[in-house]
Structures are given as C-alpha cells and as structure tokens.
Amino acid sequence: MNKFYFLVSICAFLVVSCKKPAPTPIEPTELSENFSETPTSTPITPTDLLDEASGLADSKKQPGFLWTHEDAGSPNHLYLLSRQGKIVATYTTPFINFDWEDIAIGPGPDANTSYIYLADIGDNSNVRDIKQIYRFPEPSTLNSTITNFESIRFRFPDGSYDAETLLFDPLTKDIYIVTKWLANARVYRLAYPQSTTGVITAKKVGEMTIGTDLTGGTISTIGTEVIVRGYTAIYYWKRKVNETVGEVLLRAPTKKLPYIFEPQGEAVCFDLNNKGYFTLSERRNVPSVNLYFYARK
C-alpha cells in the first residue's frame with residue numbers, strides 16, 4: 001500500500017472511531033408490547049382542585065405517587081397524586097404558570113439527583129418567541145419546598161409553534177419537543193448539556209407521520225419505549241438498539257395503545273417500574289375525571 005492510501009485509510013479509521021454512537025438502551029429487555037384493554041379507574045379527589053390536568057410523571061423520590069399540574073394561566077402549583085386518585089400534597093413553585101403543558105422526571109447535571117423538567121411551552125396564538133423548561137430537584141417529602149431552579153430557554157429555528165409534548169431521554173439527557181397542531185408534527189431537540197444562561201435555538205429533527213392534536217408524551221425509565229398521545233389516540237414506539245429518540249419519532253408508530261376516551265386527554269406517563277402507563281384528562285364540562293392505569297400484559 002503506498003503512502004497516500006495508507007494515510008487515507010488512517011483518516012477514515014479516525015473519523016469512524018471518533019464519531020459519537022447513538023445511545024444503546026441500558027437494558028435490552030423483552031418487555032411485552034401489549035397492555036390491558038380494561039384499565040383500572042380511580043376518580044380524582046378533591047374533584048374541584050385539578051380542573052386542567054396537562055402533564056403527568058411517576059415520582060422517583062416518592063414512589064407510589066405521581067406528579068401533575070395544570071396549564072395556561074392556572075396557579076403555579078404542582079400536585080402529588082396517589083395511585084388511588086387522591087391529591088395528597090400541593091407545592092408552590094417560585095415561577096409562574098404561563099402555559100405549563102408537560103412534565104418529566106430524569107437525571108441531570110448532578111448524577112445523584114432526580115430532576116423534574118416542567119415544560120412551559122404552550123402557545124395557543126403561535127406568538128411566543130421564547131419558551132422555557134424549568135429544571136429543579138424533585139421534592140422528596142410531602143412538605144418539601146421548591147426554591148432552587150434553572151430555566152432552559154429556547155426558541156424554534158423556523159417559527160413559533162404551540163407545543164404540549166416534552167420527551168426526556170434518560171439515556172442521553174436530551175430533551176425533545178413535539179408541536180401540537182400541524183398535520184405532520186415537527187420534532188425539535190435540545191441536546192444535553194442544555195444552557196441555562198442564554199437562549200438555545202432548538203435543532204429541528206424532522207416531521208412525524210402523525211400530528212394534528214398531540215398533547216403529551218413519555219419515555220420509559222430504561223429508555224426503550226416512547227409514547228406520544230393526542231385527544232383521541234395514544235401512539236407507541238419500541239426503540240431499537242442504537243436508535244435515537246429523534247429517529248424513533250420520525251418513523252410510523254409501532255402501534256396504537258388501548259385508550260378509553262377522556263373529556264380532553266392531555267397527560268400520559270409510564271409507570272416507574274415499566275408495569276404500564278397512566279393517563280389523565282382535563283375536566284372540561286364533566287363533574288369529575290379519572291386516573292387510568294393500563295397494566296402491561
């Protein structure tokens with residue numbers, strides 16, 4: 001081999017070896033993709049405290065409870081909800097609820113801390129140039145207070161959009177935002193580490209095969225499953241080895257999941273231990289709403 005081809009070969013090897021690989025799920029498990037058609041159903045109590053539930057996340061620091069919140073113009077409160085549908089604690093945040101639309105729990109800058117990611121990304125009039133995601137340590141007791149927080153501020157690279165879906169990848173700590181009303185929803189990525197001092201321009205990943213009314217999403221705690229929901233359907237993807245969340249979302253959903261129609265269903269999350277998924281709805285004009293749990297078969 002002459003010197004020229006030898007040098008070309010060495011350069012090619014270095015490029016390939018230095019390329020950052022896509023994340024591999026930490027536990028390539030064979031969990032069933034089938035879930036119960038008849039979920040457990042528990043009424044939310046008190047019935048008049050949570051009118052516009054918009055996000056849902058299963059607590060890591062307080063196992064057995066779920067975090068939820070309301071959306072546009074509601075009080076700046078987070079609620080801790082039991083699996084029996086009872087609101088057991090209310091937490092006041094030091095920042096306002098302009099239009100909180102989704103919530104996730106996952107790792108962050110401190111490897112020993114569980115963080116809440118609260119997405120203030122709603123924009124019904126498509127006029128907000130800058131959206132933000134609040135990140136703060138997950139409260140660990142019923143009487144904890146929320147004091148320290150960071151704001152991940154971002155804008156879309158190609159316009160202003162209403163969005164209600166936040167997806168947090170536990171394998172990479174990247175954040176994905178999915179738009180709501182477009183016929184083919186657009187997916188944007190905020191790569192880790194996200195700046196908390198300036199305004200990030202989100203990277204457009206591409207367009208989905210679904211859209212129109214997407215209102216929430218969740219990724220399983222081991223990173224192998226993705227759900228995005230709308231008012232009338234819940235879509236499910238099984239993540240492949242070495243596949244990024246962005247790549248997952250750009251292909252057609254693996255399937256639709258069981259779903260009992262809700263008055264205005266916006267919230268969804270996987271169970272902490274991957275035993276199923278929960279859904280929750282805004283109350284709209286009905287007397288009360290239920291917390292549903294669809295167990296894995």
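Read the figures in this text as sums done on the coordinates, not as results from a lab. Note that the coordinates shown come from a computational prediction; the quantities given were computed from them, not determined experimentally. Counting neighbours? That spans all protein chains shown, and the Cβs are built from the backbone with ideal geometry, glycine included.
Cβ neighbours within 10 Å, averaged per peptide: list 98-108, 279-289 in order, most packed at the top. Numbers along the way, then the final one.
Values: 98-108: 23.5, 279-289: 17.3.
Descending mean neighbour count gives 98-108, 279-289.
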Under-5 Å amide H pairs with residue 76, H placed in peptide plane, nonlocal only: 97
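Given the -39500 (n - 2.57) contribution per DSSP H run of 4+ residues, what per-residue ellipticity at 222 nm results for the chain, rounded to the nearest 500 deg cm²/dmol? Walk me through the numbers before you get to the answer.
Values: 2 runs with 22 residues, N = 297.
Roughly -2000 deg cm²/dmol at 222 nm, from the helical runs in the chain.
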Mean-position separation - Cα centroids, segment 191-255 and segment 256-275, in angstrom: 15
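Explain nothing, just the number: relative contact order of the chain, from Cα pairs under 8 Å at least 6 residues apart, as a whole percent.
19
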Distance in nm between pseudo-label sites at residue 145 and residue 112 (7 Å out along the Cβ direction from Cα): 2.4
Nearest-0.05 FRET efficiency for residue 238 and residue 45, computed from C-beta distance (R0 30 Å): 0.25
Given charges at beta-carbon only (K, R positive; D, E negative), |dipole| of the chain in Debye: 1020
Karplus (6.51, -1.76, 1.60) ³J(HN,Hα), θ = phi - 60°, over segment 191-202, in Hz, Gly and Pro reported as x: 6, 6, x, 7, 5, 10, 10, x, 9, 8, 8, 5
